[in-house]
Amino acid sequence: VTEEHNYMYFSGHRLPYSRPPCSSYSRPSAVVLPRDGEPIVIVHLFHHADAARTSPARDVRAYKEFNKGAAVLIRDALRERGIRTGRVGTELGYEQRLGLPFDEFVWLQKEMSGVEFADASDVLWRLRMVKSEAEAACIREACHITSRAYAALFSQFKEGMTEREASAILAIAMMQEGADQPGLLDVTSGPGRYNRTSDAATRRAVQRGEMLWLDAGAVFNAYWADFSRAGVVGGPNAEQLAMQRVVND
């Protein structure tokens, strides 16, 4: 596995950022998961000390080279385990992405010409969809953090403040409440703009009587929350309350 969220899931090593560009684009990480035997964790030297400290895997290897460094170690790990023929599953299917640059994956296929690299998306989703109690606790805490951050935002937001100010207050509140980092932060406001249901905050000032709508979520221990909240500056009118009842129903 090479996609950074799959990597964190199977290695137990949380990368310093759960988004590019720091992690996967310039410094790919991987886990080789043999059917029998111990996993092999592969990281750039930049991440090696932290990976060796936090991952339960006992075999953590580092590369220095940016060009094909991870691919070379993946090849070597497969060969060490006697894998020169047969099938190797990786992230080639539904809602999966390779963490390796495409040309490095092509190089790896040529180096391991006797191996079929197969789509493992069904296996990955079966493993990841069922959450352990520890995982559920992380998701629950991410939701609690997000709820408290929403409360902080709506207690501070005033007429004339901008969408970007709302986004900043929410992000700061998430961090103060214990998030690793803010995750999703979508903000919309004002008539004619509510179809922007997935967009970044703008410098538009929110006026009295307008609804401020947010879709956001904190990240806690690499697990995300994601749910929406809305409020009206000065309080909702009868029509806005009626629309909210429709949403709730």
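Restricting to the range 142-167, what's the tally of residues that are among the hydroxyl-bearing types (Ser, Thr, Tyr), within 17 Å of Val232 (Cβ to Cβ) and within 24 Å of the chain's Cα centre (by Cα)?
Count: 1.
Selection of the range 79-105 for residues being out of contact with any Asp or Glu (no Cβ under 9 Å at 6 or more places or on another chain), free of Cβ contacts under 8 Å to residues at least 60 places away in the same chain and open to solvent by less than 40 Å² (accessible area, probe 1.4 Å) yields only Phe105.
Answer yes if at least one residue in the range 227-249 is within 29 Å of His5 (Cα to Cα), in a loop (DSSP other than H, G, I, E, B) and open to solvent by less than 80 Å² (accessible area, probe 1.4 Å), and no otherwise.
First pass over the range 227-249, keeping only residues within 29 Å of His5 (Cα to Cα): 227-229.
Checking the rest, the ones that are also in a loop (DSSP other than H, G, I, E, B) come to none.
No, the conditions are met nowhere in the range 227-249.
For the range 106-133, the tally of residues that are without any contact (Cβ under 8 Å) to a residue 24 or more places away in the chain, open to solvent by less than 70 Å² (accessible area, probe 1.4 Å) and of a type in the set (Gly, Ala, Ser) stands at 1. Taking strands (runs of 3 or more DSSP E) as the structural unit, those lying wholly within the range 14-113 and holding at least 2 residues that are more than 23 Å from Glu135 (Cα to Cα) and not basic (Lys, Arg) correspond to 40-44, 59-63, 86-90.
Ala70 passes every criterion in (1) out of contact with any strand residue (DSSP E or B) (no Cβ under 6 Å at 6 or more places or on another chain); (2) modelled with pLDDT of 90 or more; (3) farther than 22 Å from Tyr223 by Cα apart from (1).
The values are calculated or read from the model by the stated rules, or taken from the named source; none is laboratory data. The structure presented is a predicted model; accordingly, all values stated were derived computationally and were not measured. With ideal geometry, Cβ positions are generated from the backbone for all residues, glycine too; neighbour counts draw on all protein chains shown. Side chains included, ligands, DNA and RNA excluded: accessible areas come from the protein's heavy atoms. Shrake-Rupley method; radii C 1.70, N 1.55, O 1.52, S 1.80 Å.
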